[in-house]
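A.B. asks: This is the structure I have questions about; it appears just below.
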Amino acid sequence: MNMIKKIAITVALILSFASLNPVYAGEAAGKDKLVIQVSDGDAAKWNLALNNAKNVMNAYGADKVEVEIVTYGPGIGMLKMDSVIANRIDESKKSGVSIVACQNTMKNMKLTNDDMLPNTSYVPSGVVEIMKKQKEGYAYLRP
Amino acid sequence: MNMIKKIAITVALILSFASLNPVYAGEAAGKDKLVIQVSDGDAAKWNLALNNAKNVMNAYGADKVEVEIVTYGPGIGMLKMDSVIANRIDESKKSGVSIVACQNTMKNMKLTNDDMLPNTSYVPSGVVEIMKKQKEGYAYLRP
Amino acid sequence: MNMIKKIAITVALILSFASLNPVYAGEAAGKDKLVIQVSDGDAAKWNLALNNAKNVMNAYGADKVEVEIVTYGPGIGMLKMDSVIANRIDESKKSGVSIVACQNTMKNMKLTNDDMLPNTSYVPSGVVEIMKKQKEGYAYLRP
């Protein structure tokens, strides 16, 4: 009987582990998430991206969804000190949206942190960030 | 022996459940699916979106794939009464493509259902629709 | 005892199978992968796509990531014999990036293989290729 109990416990443990393992849990688990790509040097697109983020936050409720805007290439201008939508960036971040700048792009464009809006967050590579987020189950949107 | 049978049956039941559970089944199961984003106010893009949908329907066969076109922002013009491609919209819907308009955008642009093509289908938010579809395993395409 | 061993072995076999099955393995397993869509007839976008691919290859290391660029619609020009970035295409392919042309587009534009750069790879439908890649766990990027 001892042997039977051992088998039963082992099976139970393996199955519990399987259901906890994130590989098994899949995208269906947890909060809905969205990564928004901003790669155009076009203020109309920047406003559209912020509007899209705002609509998602409103639709779900700020604590029930995660939204990240990734700026890279010509889109980096959205987060530069002279950005025409600097005030909207601030408002969006206060509402809970994460907005990040690509350091790869900054290096190519010879931009330093001093050229960027205060409190800007950075990622080493915008494209790799977008890949990672999709792998983590984020939906992708390119406004 | 009774105990051994009980363990065997329990294990079998748990494993069957795991394989039926949609969280485990993942995207690999079922029909291929595609959500196409139309957010530009550009008739060339609208035609491209309809062409892409048509090619996918032809490649798979209409009953073996699900294609949904989500129009929002300036893309909503594709489904307005005065849309320059109204006849193609009709043809695409008849072929089995689902095409929906974003009510969020309509409110912002002060559009009512009377401004839209007859038999237009609506979703509360185009962006949220695109997120949901990706979560359901739809591939994403922005023509 | 014979019976107990049989149960134990059966359970072990079923569980091993489950963990090997690609449906269970999900996107979290294996290499990171990226499919890049090129559908604009715009050389600036073509360069951006190649830059994005290069950055990803550099960030991961060429043998640790898979990157495929799918050209279709007006984007097919990127792979035509007269492409203004023909030399960069070659360099990108040598670095390990896969770049393919949509035969559907070629038929519509009355292009033959002779109109395309030497050693071009083809897929029957660019859009279906992009769908398939996403289903296989590729992240999507539209530069």
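A.B. asks: Condition (residue is more than 21 Å from A:VAL35 (Cα to Cα), of a type in the set (Lys, Arg) and out of contact with any Phe, Trp or Tyr (no Cβ under 8 Å at 6 or more places or on another chain)) applied to region B:119-136: is it met by at least one residue?
C.D. replies: No, every residue in region B:119-136 fails to be more than 21 Å from A:VAL35 (Cα to Cα), of a type in the set (Lys, Arg) and out of contact with any Phe, Trp or Tyr (no Cβ under 8 Å at 6 or more places or on another chain).
A.B. asks: Does C:PRO143 fit the bill of being farther than 13 Å from C:LEU50 by Cα and either outside any strand (DSSP E or B) or in contact with a His (Cβ under 6 Å, 6 or more places away or on another chain) (or both)?
C.D. replies: no
A.B. asks: Residues that are at pLDDT 95 or above, of a type in the set (S, T, N, Q) and on the phi < 0 side of the Ramachandran plot: does region C:3-12 have at least one?
C.D. replies: No: zero hits.
A.B. asks: Another one. Looking at the structure I just gave you, is C:MET57 more than 14 Å from chain A (Cβ to nearest Cβ) and modelled with pLDDT of 95 or more?
C.D. replies: Here the answer is no, as C:MET57 does not meet what is asked.
A.B. asks: Hey, does region B:64-75 have a residue that's more than 14 Å from chain C (Cβ to nearest Cβ), closer than 23 Å to B:LYS135 by Cα and of a type in the set (A, V, I, L, M, F, W, C)?
C.D. replies: Within region B:64-75 (the criterion being more than 14 Å from chain C (Cβ to nearest Cβ), closer than 23 Å to B:LYS135 by Cα and of a type in the set (A, V, I, L, M, F, W, C)), the answer is yes, since at least one residue qualifies.
A.B. asks: Taking the criterion of being out of contact with any strand residue (DSSP E or B) (no Cβ under 7 Å at 6 or more places or on another chain), away from chain B (no Cβ under 14 Å) and of a type in the set (A, V, I, L, M), would at least one residue in region C:87-110 satisfy it?
C.D. replies: Scanning region C:87-110 turns up no residue that is out of contact with any strand residue (DSSP E or B) (no Cβ under 7 Å at 6 or more places or on another chain), away from chain B (no Cβ under 14 Å) and of a type in the set (A, V, I, L, M).
A.B. asks: Given the conditions (1) surrounded by fewer than 18 Cβ atoms within 10 Å (Cβ to Cβ); (2) out of contact with any Phe, Trp or Tyr (no Cβ under 6 Å at 6 or more places or on another chain); (3) not β-branched (Val, Ile, Thr), and given that A:GLN103 satisfies all but one, which numbered condition is not satisfied?
C.D. replies: (2)
A.B. asks: Quick one: count up the residues across region C:43-88 that are among the β-branched types (Val, Ile, Thr) and surrounded by 21 or more Cβ atoms within 10 Å (Cβ to Cβ).
C.D. replies: Summing the residues that are among the β-branched types (Val, Ile, Thr) and surrounded by 21 or more Cβ atoms within 10 Å (Cβ to Cβ) in region C:43-88 gives 6.
A.B. asks: Another question about this same structure. Please tell me if B:VAL38 is more than 8 Å from every other protein chain (Cβ to nearest Cβ) and modelled with pLDDT of 80 or more.
C.D. replies: So B:VAL38 passes the test.
A.B. asks: If you don't mind, there's one more thing I want to ask. Could we say that C:GLY30 is in a loop (DSSP other than H, G, I, E, B), within 18 Å of the chain's Cα centre (by Cα) and surrounded by 14 or more Cβ atoms within 10 Å (Cβ to Cβ) here?
C.D. replies: no
A.B. asks: Still on this structure, I have one more. Scan region A:64-75 and tell me whether some residue there is of a type in the set (Asp, Glu), part of a strand (DSSP E or B) and farther than 25 Å from B:THR71 by Cβ.
C.D. replies: Yes - at least one qualifying residue is present in region A:64-75.
A.B. asks: Just for region C:121-135: of the residues that are more than 9 Å from chain B (Cβ to nearest Cβ) and in contact (Cβ under 8 Å) with a residue 24 or more places away in the chain, which one is farthest from B:GLU66 (Cα to Cα)?
C.D. replies: My answer is C:VAL123.
The values are calculated or read from the model by the stated rules, or taken from the named source; none is laboratory data. In this text, all values refer to a predicted model and were calculated from it rather than measured experimentally. Positions of Cβ are generated from backbone atoms using ideal geometry, with glycine treated the same way; all protein chains shown enter the neighbour counts.
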